[in-house]
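Chemist: Questions regarding the structure given below will be posed in turn.
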Amino acid sequence: MRWDNLADPVGDRARDAALFGADAVTTRTFDTPEFRGITFHEVRARSIVNRVPGASRMPFEWTVNPYRGCSHACVYCFARKTHSYLDLDTGLDFDSQIVVKVNAPELLRRQLASPRWHGEHIAMGTNVDCYQRAEGRYRLMPGIIAALRDRANPFSILTKGTLILRDLDLLRQASEVTDVGISVSVGFTDTALWRTVEPGTPAPERRLEVVRALAGQGIGCGVLMAPVIPFLGDRPEQLRATVRAIAAAGATSVTPLVLHLRPGAREWFMAWLEHHHPHLVRRYERLYAAGAYAPTWYQRRITRQVHELAREYGIGPARAGMPRRIRPAGPLPEEPLEPTASAAPTQLTLL
Ligand code: SF4
């Protein structure tokens, strides 16, 4: 382990604090194999509950994100752009420069107790994965779940991380007093594709074991079938294999989502495509010619195929496991509970 903060010039620390929107920044690396090459920037955040800009398009209005950056390193990750707001690059830095809000649990407990807070639904895992590898060391989620449980505050978690099973007892306790929605993200079961495009994540079958384990404990878990990757993961037999595996794991729902390529992710994904599947580059340029999203006809086709398969295998395609938006019981706070340190917008992603 290396501690760098004492060696930092004061000016650098001030700059980092301004960038990270926090009062103190400590930089650490760990020599263990799972953290090799990763730098953690520990910060004490000033606020942890974040209001979603333009929430009307989202099924939730408030989020909590204890981390920024994600060592799961999915090539297509929609959150990559957010690293540029920290003056970090959206490629390797996103995978390896991880901001850790070490005071997230205590801060959340305090903010949930605020008279300005009205117990609305909080979504987690909507920007980066709260059960990424760092969570194994920092253990922020147990304190976060406990704070939500103690206020009976409804929440949802979307993850690719098997580490969520560590917190099963807490999740069960929380689900006894409030609405808890859990979703696991599995876009495909093709192992070769997984190794190259989601290199830091647990394998798809291990994620489905999470679904199975939660179901075994009586905790319903939906699957966000995301992303469905055009020309690489969208063949009928691939869709069938994925939906069949999702059904066999006992998922309560399956919701397909086609790959989208926003700036930040697009450049990184296209460079990956050029390297691994150069013959597809022109097809992608045509499919995504209009912007970040595949054409409506393509999205509809995938959705229809997945819904038909879901019916065939006996799972509902409904969004039952997805975060629900709960309307505020009273007036909304006058300002966001988490003021952003920079002018950068909060980017919302679904894993
Ligand atoms: S898609 Fe999700 S799991 Fe993958 S790198 Fe992004 S935040 Fe992490």
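Please treat every number below as a calculation from the coordinates, not as lab data. A quick note: this is a predicted structure, and the numbers were derived from the prediction, not measured. Here the Cβ is made from the backbone with ideal geometry for all residues, glycine too, and neighbour counts use every protein chain on show.
Chemist: So how do Asp167, Asp31 line up by other beta-carbon neighbours within 10 Å, fewest first?
Modeler: Result, fewest neighbours first: Asp31, Asp167.
Chemist: Please report, for the Cα atoms of the stretch 59-172, the Rg to one decimal and the Dmax as a whole number; what are they, in angstrom?
Modeler: In order Rg, Dmax, the Cα atoms of the stretch 59-172 give 14.2, 41 Å.
Chemist: A further question on this structure: Which whole-Hz couplings ³J(HN,Hα) result when phi for each residue of the stretch 278-295 is put into the Karplus expression 6.51 cos²θ - 1.76 cosθ + 1.60, θ = phi - 60°, listed in order with x for Gly and Pro?
Modeler: Couplings: x, 5, 9, 4, 5, 5, 5, 4, 6, 5, 9, 5, 7, x, 6, 10, 5, x Hz.
Chemist: Something else now. Hey, if you drop one equal point scatterer on each alpha-carbon of the stretch 218-277 and run the Debye formula without solvent, what base-10 log of I(q)/I(0) do you get at q = 0.14, 0.23, 0.28 Å⁻¹?
Modeler: -0.51, -0.94, -1.13
Chemist: Something else: Grab the other residues whose beta carbon is less than 10 angstrom from that of Gly91, score K and R as +1, D and E as -1, and report the net.
Modeler: Working: positive: Arg80; negative: Asp89, Asp93, Asp95, Glu267.
Counting the neighbours of Gly91, the net charge comes to -3.
Chemist: Net charge near Glu34: determine it from the other residues with C-beta under 12 Å of the C-beta of Glu34, scoring Lys and Arg +1 and Asp and Glu -1.
Modeler: +1
Chemist: Please compute P(r) over all alpha-carbon pairs of the stretch 126-203, binned at 5 Å starting from zero, and give each bin as a whole-number percent.
Modeler: 3, 14, 24, 23, 16, 9, 6, 3, 1
Chemist: With just the Cα atoms defining each centre, how far is the stretch 41-80 from the stretch 96-160? Give it in Å.
Modeler: Using only Cα atoms to place each centre, the spacing works out to 11 Å.
Chemist: Assuming 1.567 mPa s and 4 °C, estimate D for the stretch 158-294 with Stokes-Einstein, Rh taken as the Kirkwood radius over Cα pairs, in µm²/s. Could you put the intermediate results ahead of the total?
Modeler: Working: Rh = 16.1 Å.
Roughly 81 µm²/s, to the nearest whole number.
Chemist: Hey, another quick one. Which of the peptides 32-40, 105-113 is most tightly packed, and how do the rest follow, going by the mean number of other Cβ atoms within 10 Å of each residue?
Modeler: Averaged packing, sorted descending, gives the order 105-113, 32-40.
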